[in-house]
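Accompanying notes for the structure given below.
The values are calculated or read from the model by the stated rules, or taken from the named source; none is laboratory data. Everything quoted here is computed from the prediction, not taken from an experiment. Cβ sites come from the backbone with ideal geometry, for glycine too, and all protein chains shown count toward neighbours. Heads up: the accessible areas ignore ligands, DNA and RNA and are worked out on the full protein's heavy atoms, side chains in. Shrake-Rupley method; radii C 1.70, N 1.55, O 1.52, S 1.80 Å.
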Amino acid sequence: MKVLVLGGPNLNLLGQREPEIYGSDTLKDIESFVNSSFGEEFVSVWRQSNDESELINWIQDAKSEGFEALVINPAGLTHTSVSLHDALKFFEGTKIEVHLSNTYKREEFRKVKITSGASDGVIEGLGKYGYKLAFQYILDKRK
Ligand code: DQA
C-alpha cells in the first residue's frame, strides 16, 4: 500500500528547531522510525515543503500517483490555510493529520485548526509515535 506523508513549513528544521517542544529527531529520523516499525505492508513516500502551493499540488496528484492514504502534518498552515483544507477534502483515501506537539498546551492561536476537519482523524502531542499510530490505523482499517 502506498502512503504519502506530507510535512509543512519549517518541518525541515526538526532536530534543530525548538527541541524542547519538537524533540531531537529530524524528519528523516522519524521516517526511519516509522519504516522500521512496519514491514512490506507499506511503501511510504515522505515529502516536505515550505511552500503551500507545492503541498496542495502533491495532494491533488496523490490519487493519480497511486497513493491510497495520506498522513499530513501541515505545521503552521494548520492554523491558516483554507486552501490546504480544500485540497485535503478532494483526496478520497484515508487521511490522518499528525502534530508532534500538543497544540492545546501552547499559544491560543494554535487552537484554531483550519485544516483538521478535512482529515479522518487527528493525532497530536505524541511526537514521532503519532506517525506510527497513524500508520497502524491505516493498516488496521484496511484489514
Ligand atoms: C506542529 C504544530 C504547529 O502549531 C506548528 O506551527 C508546527 C508544528 C506540530 O507538529 O506540533 O510547525 O504542526
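Here are the numbers for the structure shown:
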{"quantity": "Relative contact order computed over the chain (Cα-Cα under 8 Å; 6+ residues apart), in percent", "calculated": "27 percent"}
{"quantity": "Helix-only mean residue ellipticity at 222 nm for the chain, each DSSP H run of n ≥ 4 adding -39500 (n - 2.57), per residue, nearest 500", "calculated": "-10500 deg cm²/dmol"}
{"quantity": "Exposure of residue 89 as accessible area (Å², to 10), given a probe of 1.4 Å and all protein chains", "calculated": "120 Å²"}
{"quantity": "Using θ = phi - 60° and Karplus 6.51 cos²θ - 1.76 cosθ + 1.60, couplings along segment 72-79 (whole Hz; Gly, Pro as x)", "calculated": "10, 10, x, 6, x, 5, 3, 8"}
{"quantity": "Extreme residue, positive dipole direction of the chain, given options 58, 84, 134 (C-beta unit charges)", "calculated": "134"}
{"quantity": "Environment charge of residue 38, counting only residues whose C-beta is closer than 15 Å and scoring Lys/Arg +1, Asp/Glu -1", "calculated": "+1"}
{"quantity": "Nearest-20 debye value, the chain charge dipole, Cβ charges on Lys, Arg, Asp, Glu", "calculated": "320 debye"}
{"quantity": "Heavy-atom SASA rank of 22, 104, 137 (probe 1.4 Å, accessible area, largest first)", "calculated": "104, 137, 22"}
{"quantity": "Prolate/oblate/rounded call for segment 35-141, Cα gyration tensor, a/c under 1.5 rounded", "calculated": "oblate"}
{"quantity": "Per residue accessible area in Å² of the chain, where ligands, DNA and RNA are left out and the probe is 1.4 Å", "calculated": "50 Å²"}
{"quantity": "Surface share of carbon and sulfur [accessible, 1.4 angstrom probe, percent] for segment 2-142", "calculated": "49 percent"}
{"quantity": "Fluctuation leader among 82, 122, 71 - the chain, Gaussian network, Cα springs under 10 angstrom", "calculated": "82"}
{"quantity": "Calculated FRET efficiency for the pair residue 24/residue 104, C-beta based, R₀ 25 Å, to 0.05", "calculated": "0.65"}
{"quantity": "Under 18 Å from the residue 111 label point (7 Å along Cα→beta-carbon), backbone N, segment 53-84", "calculated": "78-80"}
{"quantity": "With DNA, RNA and ligands ignored, accessible area of residue 46 (1.4 Å probe; Å², nearest 10)", "calculated": "40 Å²"}
